[in-house]
Each structure stands twice: as C-alpha cells, then as structure tokens.
Amino acid sequence: MKKTDIRKKLLIIRKRKYDESLKVNPSKFLKFLREKNLKSKDIGGYYPFNSEFNILNILSVLEKKKYQISLPIISRNKKMDFFRWTIFDPLKINKYGIPEPISKKKIYPKILLIPLVGFDNQLNRLGYGGGFYDRYISKYSDKYKITKIGFGFSFQKIKNLPVNKFDKKLDYILTEKNFF
C-alpha cells in the first residue's frame, strides 16, 4: 500500500475515533523525560489541529516548569522553523489551517514533539506528506542532537510503513496507552 493510501485511511480513522480525553498525563511525560535523561529545556511542540493528539496540557505544564516552548511556522519556501510561544500568546492561522505563533524569536529546540498520522514498531512516522519535519531534522541534526518524540493514538499504529531515504525515524513514540 502506498503512503498516500495509508495516510488517507488513517486520517479518516483518526477523525472518527478522535477523543479529546485520550491524553498523556503531564506528570508521566515529565517522568519519561527524566527516565530518558532528556535534560534540554528547549521544546519544539505543535498546536493540535485536525484531530491530532492534543499536547496542550503537556506544553502548559512544561512552561510552568520553566521549559522554553516553541511552535513551528511554515514559510513560503516550504521550510519550517520554530518560534517562541507561551500558552497565553495569540496564534494566527496559516494557509494550511494550522495555528502558528506570532512571535519572531527563532528557537532551536533540542526536543521535538511531533504529531503523527501513523507510525509503526520501527519508530517510522507518517505525517501529512509535506516533508516539513523531515527537512527540519535533516537541516539541524548535524548542528545539534534533536530528540524526536512522536505523539499519536494507539489506533494509528500499523504493522509496517513504507519509508524512503528522506524519512527520519523518531526516537520515541507516545500514545495514550504506551511509550515506545
């Protein structure tokens, strides 16, 4: 099955099965960061839309714990960078319908929280198909270590995803049920 077919099917399932109450407890996430020895205070998050796994409760707790939160902004040249954001800051909606920060303070997060359309046991991620996260990771991973944590629902897991040379594996995947 092709990525586009898998993506289409999983987006339909996610929309049908989406439940706002399916979340990772922020204290479990903080424990996860400690257990994995992830000490960076620079977190690149995402603002959930289109039935994505809602991480706003985690971002709020991280901010209270003095983490520096940033969200992505997609530029005209199909590139993505992260910009400072607090839970109280206003957002604007980009051409894809994704909320983005208004801030122009660029941040280089060492830990990325990444939304998933699908994933497999090998820590491969299926996104929307634009390659924004893959390009970002390729661009900056030579300059510093980026820990990539995918967030998705357990029902988004499939046996094997087709991958290509541009796809970047995740380091961890968190669902409402498990940490991989």
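The values are calculated or read from the model by the stated rules, or taken from the named source; none is laboratory data. Treat the numbers as computed from the prediction; the structure is a model and nothing was measured. Neighbour counts run over all protein chains shown; Cβ positions are idealised from the backbone, glycine included. Surface accessibility is based on the protein's heavy atoms, side chains included, excluding ligands, DNA and RNA. Shrake-Rupley method; radii C 1.70, N 1.55, O 1.52, S 1.80 Å.
Observations on the structure shown:
- Some residue of segment 93-104 being among the aliphatic types (A, V, I, L, M), open to solvent by 50 Å² or more (accessible area, probe 1.4 Å) and free of Cβ contacts under 8 Å to residues at least 60 places away in the same chain: yes
- Of the strands (runs of 3 or more DSSP E) lying entirely inside segment 103-180, the ones with 2 or more residues being closer than 18 Å to Phe83 by Cα and at pLDDT 95 or above are found at 111-115, 147-151.
- When Ile69 is tested against the conditions (1) crowded, with 19+ Cβ neighbours inside 10 Å; (2) assigned to a loop (DSSP other than H, G, I, E, B); (3) in contact with a helix residue (DSSP H, G or I) (Cβ under 8 Å, 6 or more places away or on another chain), the lone failure is (2).
To keep it simple, each residue is scored yes or no on (1) closer than 24 Å to Tyr128 by Cβ; (2) of a type outside the set (Phe, Trp, Tyr).
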residue	(1), (2)
Lys23	yes, yes
Pro26	no, yes
Lys36	no, yes
Tyr47	yes, no
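- Subset of segment 2-26 (residues that are touching a strand residue (DSSP E or B) at 6+ places or on another chain (Cβ under 8 Å) and modelled with pLDDT of 90 or more): Lys3, Ile6, Arg7, Leu10
- Restricting attention to segment 32-46, the residues being open to solvent by less than 70 Å² (accessible area, probe 1.4 Å) and of a type in the set (Asp, Glu) number 1.
- Leu59 meets the conditions (1) buried (at least 17 other Cβ atoms within 10 Å of the Cβ); (2) without any contact (Cβ under 8 Å) to a residue 60 or more places away in the chain; (3) assigned to a strand (DSSP E or B) in every case but one. The failed one is (3).
- Criterion (surrounded by 17 or more Cβ atoms within 10 Å (Cβ to Cβ), in contact with a strand residue (DSSP E or B) (Cβ under 9 Å, 6 or more places away or on another chain), of a type outside the set (Val, Ile, Thr) and in a loop (DSSP other than H, G, I, E, B)) met by exactly one of Phe82, Phe29, Phe49, Phe53: Phe53
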